[in-house]
Each structure stands twice: as C-alpha cells, then as structure tokens.
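Inspection log for the structure reproduced underneath, given as structure tokens.
The values are calculated or read from the model by the stated rules, or taken from the named source; none is laboratory data. Since this is a predicted model, take the numbers as computed values, not measurements. Please note: Cβ atoms are built from the backbone with ideal geometry, for glycine as well, and neighbour counts cover all protein chains shown.
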Amino acid sequence: MSHDSRSDDDDRLTRRHYVAGAGTLATVGIAGCSDSGGDGSDGSDGSDGSDGSDGSDGSDGSDGSDGSDGGDSASELEIIHWWTAGGEQDAYQALLDGFREEHPDVEITDNPAPGGAGSAIDTVVQNRVIDGNPPSTFQIWPGQALTPYTDEGLLEDIGDSVWDEEMRGAYLDGVIDLAQPAGDLVAVPINIHRLNNLFFNVSVLDDADVDATDIDDPQGLLGVLETLDAETDVTPLVHQTQSPWSSLQLWESIFIGQQGVDDYQTVIGGDVSSLEDEVRSALDLLASYLEYIPEDAGSISWDQGNDQLIEGNAAFLHQGDWAAGQYSSADGFEFGSDWDMVPFPGTTGVYQSVIDSFVFPTNNPSPEATEQFLNYAGSVDAQERFNPIKGSIPPRTDVPMDEFGDFLSRQFEDFQNSNTQPPAIAHGTAVAPAIQSALEETFANFNENRDVDAAYQGIVDAF
Amino acid sequence: MSSGIFAALIRDTGGSVRSDGPDVDSDAAGDEASDAEPRVRTDGGTVVDGAGERSGSADAEPSLRSRFRRSRFLESIPFWGPPGVLVLFFVYGAIGWNFVISLTGWEGLGSPDYSSLSTEMYTQLLADSSFHAAFQNTLVLLFAFTVLSLVVGLLLAILVDQKIRLENTFRTIYLLPMSLSFVVTAIFWSWMYNPSNGLINELLRAIGLDALTQAWLSDPQFKLAAIIFALMWQFSGYCMVVYLAGLRAIPESQYEAARIDGASTTRLYWRVIIPQLRASTMSAAVVLVVFALKAFDFLFVLFGVNPGQSADILSVMMYRVAFDRVQWAYGSAVAMVLFAMALGVIGPYLYLQYRRGEL
Amino acid sequence: MSAADRARSAATGLDRSRVALYLVLLAMVAFYLAPLESGLMTAFKTPEGFRTTTPFALPPIGEFTVSAWGMAFERLSSGLLNSAMMAVPATVLSALFGSLAAYGLTNLSWRGQIGVLMLFVAGVFIPYQAVLVPLTQFWSFVDLGGRIPLAFVDEYQGLINLGITHVAYGIPICTVLFRSYYATIDEDMLEAARLDGASAATIYRRIVLPLSVPIFAVTLIYQFTQIWNDLLFAIVLVSDPSNQVVTVALNQLQGSFVQQFNLQMAGAFVAALPTLVVYVLFGEQFAKGVAGET
C-alpha cells in the first residue's frame, strides 16, 4: 500500500503521516492502541536487527573518549564571582593581574556567575559546596550572608593562615567583625562600597537650576524629582525594577534618611512591628519616587540606566558607589564638572557599607593557591589595584590613596568622618540570605503594585 | 490500509481492538476495566475466578493459559524491568522522598532531619500570601494558555485543511517554535516585548496606536498575559497538528452528508466536525497543561526567581524557596502541590483512557 | 482527497475567499516567524543599529556586524559541546530503554501489565519540581566521581548525573511512543516465531527491533529536542561550570549583558541551531518514520 503509484494519493498519505507523527508525540497519554493490521510490519522485514543497539553503544563510548585532559594541577585556582559588567569586570581583571604577577605559576580559572546582585551565584556555589565540590574561592558578602555556610562548618577558619598580625592591624575593627560572623575569621574583605549615595549629572541639574546639596531629607528629594519632571525632559531618577534589589536598597536609604540608623538597626534586628509607621512612611515615599523612574525600568539593568545619566538624559541615581566605576570608564565624563554625588538626603555622616569578600571553602581543591590568593586579596597591593577601578575604598587603612582619584579620596574622607557604618540588607551583610530573599520577593511585588500594606506585611513576615 | 499511529490513537470510540481471536484478552485493551482489576490481584496464583472470564475467551484452557501468562510475565521482566527500576526509583521514589522531605523542617546547607515529621510546611503554605498568588496565577496560566492555544490551533488546522498549496511548508513553520528551548523563546520574547525597541511596541507605533504601547513584561497588568501569549505562540502550532490529524480522521462521508443537507461551512464545522474532535482536544489539552506546569524555564529566563506577584507561578516559587532561600522542606511542600495539580489533570485522563481501553 | 476540499468545491470560483485564506495563512506565518526574524536581524546589527532601527528591518549600512555571532559562539561553544556529549547518549539510551519496556509491556502480554504501564505513562506528566530536592540530595550522595576512578567520570560528573536523570525521565515518554507503535505489529507473526521456539529476546532482536527503525527516528528526534532544550535539571544538577550545558550558558549570556540584544539573539540562534537543524532536516523523515514507510 505504501507503493501506491498515484502521486496525488501518495502526497496526501505523506502529509497525513507527517501530521500523524507529530501528533503521536502529543498524545502521549494514549498508549498502545490496537489497530486492525500489520502496517509497519511489511516491507522492512529484511533489515538486520542489530542496528539499534549497536548505535547506542557506539555513542555511549564516545562520551568517554573525550575525557582525556584531566587537568587537575594543584595550582589551579578557580574563582567564582559576579563581576561581569563594565568597571567591575576591569577591577577584577586588575586584581587578577596583580595576583598573577606575584604568583605566575598559579593558573586561574575564572568563573563568572552573573545575575544582578549575585542571585545566580548563590545556587551555583551552594550546590557545589553541598556536593563537596566547591571552587577554590568565591565572592560573597561578609556578615550575615556567611551564616548558612558557617552554620554547617563549610568555611575554613583562616584566622591563623591568612589573618596574620600585620593584616589584623591594618583592617578596621568593624570590618574584621563582619569577617567572623560566627567567631572564626572565615573571609577576607577586599573593598568597602558606600550604598547611600545620590549621584547626579551636574549639567542636567544646573540646567534645571537644582542644587543637590540643598536637599535635606528624602522628602525634599521627592520635591526635586517633581520639579525635574515638570520642567525638564530628563528622567528625574534612574532606577531599575527588573530585579528587586535596587528598590530594596533605595528603601533602606530612605528609611535611614528619615529615621536614622538606630531605628534601622532595630528593623534588621527583626523588630519591624514596633516601627510600623516608620517602615510604612519609607515605603510611601519609595512609591512616590517610583513615579519618576524610566518608563523601561522593568527591562533594563542598573548600568543601562546609568548610561542614561552619563548621556545627560537623566538627573539622579541612587546606587552604591560602584556606579562611579562606570563614570570613570566613560569618555569625557569627569567627576565634579560632569557628575557628582551627595550622600543620600538625610544620611550625611552615615557610611552604609557594602563589602565583598573571598572565603576559603572546606574540601578545597587547591588549598595552597587559595591561601595565596586570600593573602594577596588582603594585601595593600591588591586593594590598591582593585578598589580605584571598582569605585570602592579599601578596608585596609594603610593603602596609599594616591591612585584613587578625587571622588574616592573624598569617599574615604567621608568614611573616616562618618559616625556610623551600618550594614546593607540588599547586599547581604545585614540579614541572613533567607530573610534577604524574602525581602527581595516583597520588593519585587512592590515594584509591581506599589502596595504599601502588602509590602509592610511582607517585611514583617520576612523576619 | 496504513493509517498511521496517530489516527488510530485518537479514534473516538474504543471499538476497534486487535482482530486475532483467542488473544483478544491478552491485555486490558480488549477487556472491561472491571474485569482486569481482580485478575491483577490473582496474578501468580491459580486462577480461581474462572467464572469471571469473559465469554469471548472461554474456549481456552484456564490453567494452561495462566501458566503461559506467568511465563510471559517472567519472560518480559528483562525488558521492562531495568527501565522500570529507573523510573520507579528516579520518578516515584523521588516523589516519595520529596514528600518525606516536605514533612521535615529542613533548611540551610546541612542535611535533613527525618526524626520528627510534621505537616507544618503545609500549614505554613496555606497562610502564605505568595503561595496564594502563585497558586492562582498557575491556575490562570493553565486555563488561559490551554484554551487560547487550542482555539488558535483549531482555527489554524481548519485553515490548513482546506487543501492548500505548500501545506507542508505552512505546517512546518507553524510548528517550528515548538522545537525551540524555553530559554531561546524567552530571549526572543523579551526582545519582542521590549518597551522601547521591541517589535510589538514598534508595530503599535507604526500603525498609530501609540497609546496601546506598554511595558509588557514589567507592568503587572500585562505580565501574565504577555507570558501566556508568548507560550501560545510556542505551542499553538502543536495543537494545529493534533487537530489536523483529528480532522483527517473524520470520514469524508460526513462532510458530504452535511453538504447534502445544505449546511453552511460554519455550521458544518460547528455542528458536525468540531464535536468529533473531542479526543484531539483532550489529548492536546493534557499535553498543554503539562507544558504549562513546566513553564518554569520561560519565566526563570525572563525574571529570575522573582517574577513578582502578578506573574509568580508555583514552579518558580518552588525554585525560589528551595534553591534561593535554601528552605528545602518548604520548597518540597510547594512541589507536592504542583504534583497534586498535575495529578488532578492526568489522573482522570488516565482513568478515562483506561476505562475506554485506550491505554 | 480532503473532505473539506470536497465541501469547498461547491464554492469554486470564489477566488476571493481563496485569496483571503492565503492571506490569513501568510499572516500567521508572519506571526510565528516574527520573533525569529527580528531576532535574526538584531543578531547582525551593532548596538547602535538595533537601538535605532525597527527590529525586523535589515541592518542598515554601516551597522551590520557578525561580531555578535563570534562572541556568542565563543561564549557558548563549551556549552554546545557539553550539551552534545550529554544529550546524544542520553537520547539513545532512553529510546532504547523505551523500546525494551514497550516490547515487554505490549508484545509480551501478561496479567497486570496495565498497572505497570500506568506507572510508565503517568511518569510522562510529572513536573520536574516534584523531584528536584531529592535529586540534588541523591546526586550529592552518590558522588560517581569519587566512586569510579576514571578520569572522565570525574571530569564530567555533572553531565553524567544530568544524562542519567534525563534518561530516567525520558523513559516514560519513549515507552509510550514505542508502545503505540508496537501495538500495531502483527501478533500472528510474533506468535509464529514463538511457536518456532524463538525466545522473547530473539524475537525482539530479530523481528521487533528491525521493525522499529521508523519509531526510533521519531523518538530520538523528540527526545533529543527535549533533553537539549531543558534548563531546569541543568541548573540544579550541574554545578561545575566546566560541565555547563548550552541552555544554562545562554541564560547567563543574557544575565550578564542585559541590553546586548544582538549578542543575546545570536546566542539564542547558536544554542537553538541543533534542534532547528534536526527539525528542518528530519521533519520529512520523521513523517515517513511514523508512517512506517521506511
């Protein structure tokens, strides 16, 4: 029947069978029907039966033949990090360059795990650590972010091997505390970012006749945003709502700006309900701010938004000072004349800290190289190379500031003059990861619906 | 007559069974469900319920046949045994294990503690507003996506069935998206929906409908709808294929009869043809529901673990809770709900197939 | 001859409705291809190009570039290789297992097989989420690399775990596909072989397997697409970045360069190429296979 000569019929059969075939995949639920006859059995009798199984064996074997280069050299250093964008990437490369100069024998396997403020890296690192197959070292926020690992003893105590007297003496005490959330020193902080910054494009503000230093409190900023929106074509506040962390950190700054650091410490301590009105007030203001963000905030990343500020299409950006790294790599965009920054209104004297660190996971694949790397990360040389490009200040107090440029030198000055350096929620140091994740979900929802009641409840439930 | 597999699969009535006489009851396909049940239990022992045998097979000697069957059983084990063990272990064992984990309070990077089990995670779930939202969205997604894809697929199938030229080409194109990974289609659609440069808004602007341009994937009003639309794009071609096979299985005489009665084309399809596509609809719908339950990949690529309450679905919530928040037990509980939903769709379907002897 | 055709033939001469039909069909072609077409165009544009032109327009002069393709390929090449190394054996194995199971549950009839079959069929519909947590637990216990002292097992442990998992989850659908085909095999022929004293294994090898070539084609194509396209198992079960499969690599491509649409689109095409090729090339064969015309 399949050799029917009438082309018309043949054609139709083929089509029908094509359809039938694809359809079969569909109807997986209906198996093993019975049909009246032996179709399919005729005409293929002659072929030899061993084909199928042979084929499978062959391809199975090919799997093995590829595993030739084992490459388990002891001095292979695998680093997982999330510095994949713009200035961050350059800073990381500068760090690696410095390390390579000191340890040319160590081969570095670079494993960027992108995803905003580290969202993908968690899963990757957690799985590997649980599997007993950790990388040599990985980037992580110190403080509370370390607790899932320290709870299970998954990080090596490096209090003796890496943290020698010289290093301990050079780091600020508050930073050392963050590196030992459970008593043992387990992390090497490499930088300190400030979170409560308000960056702005100088000429955009000049054109609008706005003076950023005149803004006294978060409410005052709202007034300026309204003015900018009414009187200019620029986007008043660059912001992204694709990932929730930007809104979360903005809320943190608003809260501190409105209520001060003591109340903030109360909140991150878990006592949200005693400050219900204060928390709500900050949420209300955040909702108002979100009226003045880009139309495409839901589909851009923070650095894309920042490009708009650089190009003069936007006025303000609330962001950690990693944003400044992008300004220095932009051509002809100079600190002071083209861009500037004030502490977020109401938070002068506060240096809300975002810190990155490297750790020494247990079951380390390259203990020696890891130790070398951590030692290097804690050195003056490393921090002097890394921080100017990253746009952060060194956690060591003895790093020469010559290379840091005007902005970071000013930040460093602010840091030294600051009254308090609270940790950040959106960047892991302030709360445990599960709480942070729940807060991120809350702010993801808030980005959508700006529902203050729901967000307040979400914050309460998160702790 | 070579009828192809699919045409046989979606036949409406369970009438046609294997034609060879004595073997007709060799599996449940030819039997009533009620008959197969007791015989499962007596398997391996002597056949006691000879009276229960159907008259159609009464001519065979029971004891010989039972020996024969038993040896067939033993003979067949090497074939379905190894894959069966894999499935039993990886699928059913894992689900059982997942259930047990959902009864622990396991979280963090340590190991679960199986010594104290409770249903606390499920109690927590019931009080969790993000669970409510995700559950609701999952239902909306399941329903809207399935119905939309079926409707579009049916219309397409009817159009393609009009003896068109280049039918192959058209069909191949309509079905093409299905061969793509969710990761790929999510990337395409994030570009399509891009508010400033995306094709959808560009088209709206081009035809002067600027007012309708939206931030499709960030505006909570449109997010879920945008997702459903994109998923429909990916799977409606597949429904078309299922329906097309269904349409072609309908005997020509029915079209003719309707024609003779003077029915209009619309009426022909509405009254005569579509009602006969029930089986196609059902099989397509079941598969669509399964795809919808698996839509995790698509949302994950677009939004990561936080799609926001307007688009959060259970499969994303499960991943967020278990892998982002390392609350394994809670994640397992969400997974059990998801499993129960799948079961709610598949169970009745399988039962129905079984009753009709089409399994 | 299509019945609908017959129905329509009464209306011959209504060319206008014919034109309308083709217009609708073409509009649907545009609908289904638009995301791919604008993706393809975007992949050849510079950032300036895709920001300033309509997505589906050809790259303007001076804004044409293939650099996104080079970069996408570079970033995805190890993922492509890993996916291929994992997906091909996993596809073949699950198809083979499916064939065996379908034979044992279809052509060798025994009481109670419907119950076993139910378990196989239901397995098709299990949401992966329902097993993710136990699977991560399981694979971290098993630690194949630590148990089997072979360099390649150690190096490709993640891929092997992933492959085995895909095999297990592919068996149900493969079994169902094979079963629907095997049910059409002439029982008399198998019975005759049995009476000649052939064992079940011999019958499978000599009769059933040769007959299975078409359905193997269907199953292999379908299963390959499924395994290649999966993201969820891959992100959860493969933590070693050197074992990363292409869907994961592609997702990261977009994670790190959110607005580099040309790169993302090029990457999407690179990652989709194998399944696209399989689909376009073997579509017809696929059809013939199902029809038993080989």
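Below, the figures for the structure above:
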| read-out | value |
| --- | --- |
| Single condition residue C:239 does not satisfy, out of (1) in a loop (DSSP other than H, G, I, E, B); (2) surrounded by fewer than 24 Cβ atoms within 10 Å (Cβ to Cβ) | (2) |
| Residue match in region C:221-241 (condition: in contact with a Gly (Cβ under 8 Å, 6 or more places away or on another chain) and among the charged types (D, E, K, R)) | yes |
| Answer from B:203, B:139 - the residue that is under 21 Å from the mean Cα position of the chain (by Cα) and more than 25 Å from residue C:271 (Cβ to Cβ) | B:139 |
| Criterion violated by residue A:450 - all others in (1) in contact (Cβ under 8 Å) with a residue 40 or more places away in the chain; (2) crowded, with 22+ Cβ neighbours inside 10 Å; (3) within 12 Å of chain B (Cβ to nearest Cβ) satisfied | (2) |
| One residue from B:186, B:144, B:134 being in contact with a helix residue (DSSP H, G or I) (Cβ under 6 Å, 6 or more places away or on another chain), more than 24 Å from residue C:279 (Cβ to Cβ), buried (at least 23 other Cβ atoms within 10 Å of the Cβ) and hydrophobic (A, V, I, L, M, F, W, C) | B:134 |
| Qualifying helices (runs of 4 or more DSSP H) (wholly inside region C:111-221; at least 3 residues being without any contact (Cβ under 8 Å) to a residue 40 or more places away in the chain and under 26 Å from residue B:340 (Cβ atoms)) | C:113-123, C:129-142 |
| Odd one out for residue C:97, checked against (1) within 25 Å of residue C:205 (Cβ to Cβ); (2) of a type outside the set (A, V, I, L, M); (3) out of contact with any Leu (no Cβ under 8 Å at 6 or more places or on another chain); (4) within 7 Å of another protein chain (Cβ to nearest Cβ) | (3) |
| Residues within region B:99-113 that are out of contact with any Gly (no Cβ under 9 Å at 6 or more places or on another chain), buried (at least 20 other Cβ atoms within 10 Å of the Cβ) and part of a helix (DSSP H, G or I), tallied | 1 |
| Residues that are modelled with pLDDT of 85 or more and away from chain B (no Cβ under 11 Å), drawn from region C:9-57 | C:19, C:44 |
| Region C:62-87, residues that are aliphatic (A, V, I, L, M), touching a residue at least 24 places away in the same chain (Cβ under 8 Å) and under 18 Å from residue C:248 (Cβ atoms) | C:71, C:72, C:76, C:80, C:84, C:85, C:86, C:87 |
| Positions within region B:216-236 being touching a residue at least 24 places away in the same chain (Cβ under 8 Å), surrounded by 24 or more Cβ atoms within 10 Å (Cβ to Cβ) and either in a loop (DSSP other than H, G, I, E, B) or within 9 Å of chain A (Cβ to nearest Cβ) (or both), in sequence order | B:217, B:223 |
| One residue from A:135, A:114 being at pLDDT below 65, buried (at least 19 other Cβ atoms within 10 Å of the Cβ) and of a type outside the set (Gly, Ala, Ser) | A:114 |
| Which listed residue, of B:284, B:279, is crowded, with 24+ Cβ neighbours inside 10 Å and part of a helix (DSSP H, G or I) | B:284 |
| Test: residue in region B:322-337 that is assigned to a helix (DSSP H, G or I), touching a residue at least 12 places away in the same chain (Cβ under 8 Å), at the interface with chain A (Cβ under 9 Å from one of its Cβ atoms) and in contact with a Lys or Arg (Cβ under 9 Å, 6 or more places away or on another chain) | no |
| Residues located in region B:258-273, provided they are aromatic (Phe, Trp, Tyr) and either surrounded by fewer than 19 Cβ atoms within 10 Å (Cβ to Cβ) or more than 17 Å from residue B:156 (Cα to Cα) (or both) | B:270 |
| Test: residue in region B:197-215 that is in contact (Cβ under 8 Å) with a residue 60 or more places away in the chain and either assigned by TED's automatic domain parsing to the domain that holds residue B:302 or not in a loop (DSSP other than H, G, I, E, B) (or both) | no |
| Some residue of region B:343-355 being surrounded by fewer than 23 Cβ atoms within 10 Å (Cβ to Cβ), assigned to a loop (DSSP other than H, G, I, E, B), within 11 Å of chain A (Cβ to nearest Cβ) and not polar (S, T, N, Q) | no |
| Test: residue in region B:268-277 that is within 24 Å of the chain's Cα centre (by Cα) and either without any contact (Cβ under 8 Å) to a residue 24 or more places away in the chain or outside the structural domain of residue B:167 (by TED's automatic domain parsing) (or both) | yes |
| Any hit, region B:151-159, residues being free of Cβ contacts under 8 Å to residues at least 40 places away in the same chain, away from chain A (no Cβ under 12 Å), more than 25 Å from residue C:57 (Cα to Cα) and β-branched (Val, Ile, Thr) | yes |
| Residue within region B:237-257 that is buried (at least 22 other Cβ atoms within 10 Å of the Cβ), within 30 Å of residue A:124 (Cα to Cα) and in contact (Cβ under 8 Å) with a residue 60 or more places away in the chain present | no |
| Count of region A:398-419 residues which are in contact (Cβ under 8 Å) with a residue 40 or more places away in the chain and either in contact with a Ser or Thr (Cβ under 6 Å, 6 or more places away or on another chain) or exposed (fewer than 14 other Cβ atoms within 10 Å of the Cβ) (or both) | 4 |
| Every residue from region B:123-179 that is assigned to a helix (DSSP H, G or I), closer than 30 Å to residue A:445 by Cα and of a type outside the set (A, V, I, L, M, F, W, C) | B:123, B:124, B:129, B:130, B:132, B:136, B:137, B:138, B:146, B:149 |
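Condition check ((1) surrounded by 17 or more Cβ atoms within 10 Å (Cβ to Cβ); (2) under 19 Å from residue A:452 (Cβ atoms)) across all residues:
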| site | (1), (2) |
| --- | --- |
| A:218 | yes, yes |
| A:226 | no, no |
| A:231 | no, no |
| A:238 | yes, no |
| A:244 | yes, yes |
| A:255 | yes, yes |
| A:265 | no, no |
| A:277 | no, yes |
| A:293 | yes, yes |
